[in-house]
C-alpha cells in the first residue's frame with residue numbers, strides 16, 4: 001500500500017477530466033467556443049493538460065489542433081495565469097476504418113456522432129447525460145469494427161494520457177488540474193487516475 005503524506009491528505013491534488021468534440025474540428029462546432037472559454041475560465045485550474053505532443057508545444061505549431069484548443073483554450077491560457085501542460089504522445093490516433101460491411105457500419109456510427117455533435121448546445125451537454133454515454137459507446141463500436149490496430153493504438157494513447165497526467169499530478173502536489181481531451185478517452189482516463197491515492201478525482205464543475 002502506498003503511503004500518503006499527511007500534507008497531501010490535507011491538501012490533495014485535485015484533477016478533473018473535461019471532454020471535447022475534438023475529432024470533428026474540421027466541421028463547424030454547433031456552439032460558440034466562448035462557452036468553452038467561459039467554462040474553463042470559471043474553473044480556473046492551476047494546470048491545464050491538453051492532448052498535444054511536447055514537440056507541438058515546443059514548436060508552437062498549433063495549425064493542426066482542434067478549434068477547442070487553438071481558438072479557445074490556448075488563447076485563454078495566454079491571457080491568464082493558467083499553465084498549459086502537453087500530455088499527448090508523438091503518435092496520433094488513426095481514424096477507425098474498415099472495408100466491406102464493417103466499413104459501412106463505421107460510416108453509420110460516424111454519422112450518428114456527427115448528428116450528436118450538431119445537436120449539442122454547449123460543452124456541458126457533451127460531458128454529462130446521454131450524449132456523454134452514447135459518445136463513448138459509439139466510439140467503442142467504431143474501434144471494435146475497425147480491428148486490432150486501431151484498438152491497440154487507442155489503448156496506447158489512453159496509457160500515454162493517463163501516465164502523463166499522473167506525472168503532472170505527482171510533480172505538482174496540491175494543484176488543481178484540468179485535463180481536456182476527446183470524449184472517447186474520458187471514461188478510460190478517469191479510472192486510471194483514481195488508482196493513485198494522492199489524487200482526488202473531481203467532477204470538472206466541482207474542481
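Grab the DSSP H runs of the chain that are 4 residues or longer, score each as -39,500 (n - 2.57), total them, divide by all residues and round the 222 nm result to the nearest 500 deg cm²/dmol. Let's see the in-between values first.
Details: 9 runs with 105 residues, N = 207.
Counting only the DSSP helices, I get -15500 deg cm²/dmol.
Distance in nm between label sites at residue 156 and residue 102, each 7 Å beyond Cα in the beta-carbon direction?
Distance between the two pseudo-spin positions: 1.8 nm.
In percent, what relative contact order does the stretch 6-206 have, based on Cα pairs under 8 Å that are 6 or more apart in sequence? The partial results should precede the final answer.
Details: 291 pairs, mean separation 85.4, N = 201.
Worked out over the stretch 6-206, it gives 42 percent.
Contour minus end-to-end for residue 194 and residue 137, with contour as 0.36 nm per residue of separation and end-to-end as the Cα-Cα distance? Intermediate values should be presented prior to the final figure.
Values: separation 57, 0.36 × 57 = 20.52 nm, distance 2.15 nm.
Gain on stretching residue 194 to residue 137: 18.4 nm.
Please work out how much length the chain gains when fully extended from residue 46 to residue 130, using 0.36 nm per residue of separation minus the C-alpha to C-alpha distance, in nm with one decimal. Present the calculation step by step, with values, prior to reporting the outcome.
Numbers: separation 84, 0.36 × 84 = 30.24 nm, distance 2.98 nm.
This chain segment gains 27.3 nm when fully extended.
If a paramagnetic tag sat 7 Å from the Cα of residue 78 along the Cα-Cβ line, which residues of the stretch 38-63 would have the backbone N under 12 Å from that point?
Under 12 Å, as judged by backbone N against the label point of residue 78, lie 60-63 of the stretch 38-63.
So if we plug the beta-carbon distance of residue 170 and residue 118 into 1/(1 + (r/R0)^6) with R0 = 41 Å, what FRET efficiency do we get, rounded to 0.05? Walk me through the intermediate numbers first.
Values: r = 40 Å, r/R0 = 0.96.
Computed FRET efficiency for residue 170 and residue 118 comes out at 0.55.
Among 149-157, 100-108, how do they line up from the highest to the lowest mean number of other beta-carbon atoms within 10 Å?
Details: 149-157: 15.9, 100-108: 13.7.
For the peptides 149-157, 100-108, the packing ranking is 149-157, 100-108.
Return one number: the angle in degrees, 0 to 90 and rounded to the nearest 10, between the long axis of the Cα atoms of helix 183-194 and the longest principal axis of the Cα atoms of the chain.
30
Any read-out appearing in this document is the output of simple, stated calculations on the displayed coordinates, not a laboratory observation. Computed from a predicted structure; not experimentally measured. Every residue, glycine as well, gets a Cβ built from its backbone with ideal geometry; the counts of neighbours run over all protein chains shown.
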